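Worksheet: one structure, shown below.
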């Protein structure tokens, strides 16, 4: 196995490092301060200054051809593979805005993959093209408030075919990105078949215009008391929403097939960025440890802080190697074999990053949980990532099932 970054990707990495650290990160405070100025009813808007900041940064990324880097192993991409992208996405993890600046942010990348692989020509023209151009945003609607959605066969949101229209009824929540006023597409998972069909052939996916009558945003979901404006994770109700028959993606009962194709890359992209956050947190931890004095000594010399730093470095290196192996499996093997490796990194990367951020917060003391460092925001996102795209327990179940299968085959 070769985890070496290609020469082409290495050159791209230097370019994105420069843009992230010299221009994107320095713009973040101004960007988020714009949202803080808004009253509650105006939080889910993009202010003129925010739009200006984003477009200036995106324009620089486009001009440098640092755009849609997530398109790996694709004739439409930059000629890089998933291992290459792991290094690029890790660097993007240092900045909240960077993924969007390079048009590599969730849930858009996953939704673009769905449209590219499974969408009709109409879907591609209406939504894929402007998504690839970074002109619109999108949301993925799968999770429901009234069922355990970690077992997606429980999804009960109904779509009934009535002549040339589908009629949609139900509720979705944690619709990430649905609060953004630029969100012009929902990709939605719904139950379309009855109980006579096998459990994994009862659901379908739809491409939907968010502005259709009967779609109502109930509230923004809060993550530990924060609404993540202007992006948002919305609770949405559909009441007799009628959409054209051709809103169906790929075919009836193909929802799980589409979901598995979508969630694999999405999961590993999150993990790549999580490792970048861990690196950022360790850098902040070390900087604090050598610059801050207590009891007459630098913090680095107090207690077990040197041990903590060493353990964090070891854990990050282990997580990175596992992430690169999962990426290599995606490049070189069938997705079914790669999926268990994706599950492994999906458990470990958020955990390692979260533990690293936690230790950095601890060494910063009260400042570490305030707005004066990026650590608190990072902690919120990483703790949430342990639920997103499948909770830890489900991925551990996948991993254990594979290990038990090996033992069963040996009997």
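No value in this document is a laboratory result; all are computed from the given coordinates. Here the structure is a predicted model, which is why all the values come from computation and not from measurement. Please note: Cβ atoms are built from the backbone with ideal geometry, for glycine as well, and neighbour counts cover all protein chains shown.
Mean silhouette area of the range 256-410, derived from the convex hull of its C-alpha atoms and averaged over all directions, reads 10.8 nm².
Suppose the chain between residue 371 and residue 193 were pulled fully straight at 0.36 nm per residue; how much longer would it get relative to their current alpha carbon spacing?
Full extension of this stretch gives 59.2 nm more.
Entry for the range 47-126 at q = 0.11 Å⁻¹: log10 I(q)/I(0) = -0.33, Debye formula applied to identical alpha-carbon scatterers, no solvent contribution.
Placing a label point 7 Å from the Cα of residue 380 along the Cα-to-Cβ direction, the residues of the range 34-56 whose backbone N falls under 11 Å of that point are 36. Label sites at residue 56 and residue 408, each approximated as a point 7 angstrom past Cα along Cα to Cβ, lie 5.9 nm apart. Using a cutoff of 8 angstrom between alpha carbon atoms and counting only pairs six or more residues apart, the relative contact order for the range 137-253 works out to 31 percent. FRET efficiency for the residue 387 to residue 153 pair, using the beta carbon distance and R₀ = 22 Å, is estimated at 0.75.
Considering the range 137-253 at the alpha-carbon level, its Rg and Dmax are found to be 13.9, 44 Å. To the nearest 0.05, how large is the calculated FRET efficiency for residue 318 and residue 7 if R₀ is 30 Å and r is the Cβ-Cβ distance? That gives a FRET efficiency of 0.70. For residue 336 and residue 217, the difference between the fully extended length at 0.36 nm per residue and the C-alpha to C-alpha distance is 39.2 nm.
Shape class of the range 67-183 from the alpha-carbon gyration tensor: prolate, with a/c at 1.5 or above and a/b greater than b/c. Once the Cα atoms of helix 25-36 and of the chain are each reduced to a long axis, what angle between those two axes, in degrees from 0 to 90 to the nearest 10, is obtained? Once rounded, the angle reads 60 degrees. Working note: 222 nm ellipticity from helices only, DSSP H runs with n ≥ 4, each -39,500 (n - 2.57), summed and divided by the residues of the chain, gives -16000 deg cm²/dmol to the nearest 500. Round to the nearest 10 and give me the degree value, 0 to 90, for the angle of helix 7-19's Cα axis relative to the longest principal axis of the chain. Between helix and principal axis, roughly 80 degrees. Across the chain, the mean sequence separation of Cα contacts (distance under 8 Å, 6 or more residues apart), normalised by length, yields a relative contact order of 15 percent. Each Cα pair under 8 Å and six or more residues apart adds its separation to the average, and for the range 311-411 the resulting relative contact order is 27 percent.
Classify the range 140-207: rounded, prolate or oblate, from the alpha-carbon gyration tensor (a ≥ b ≥ c, eigenvalue square roots; a/c under 1.5 rounded; otherwise prolate if a/b is larger than b/c)? Oblate, because a/c is 1.5 or more while a/b does not exceed b/c. Computed from Cα atoms, the angle from the helix 82-92 axis to the main principal axis of the chain rounds to 60 degrees. Residues 83, 394 in ascending order of nearby Cβ atoms (within 10 Å, fewest first): 394, 83. Centre-to-centre separation between the Cα atoms of the range 287-310 and those of the range 326-343: 40 Å.
The slack in the chain from residue 362 to residue 41, taken as 0.36 nm per residue of separation less the alpha-carbon distance, amounts to 112.1 nm.
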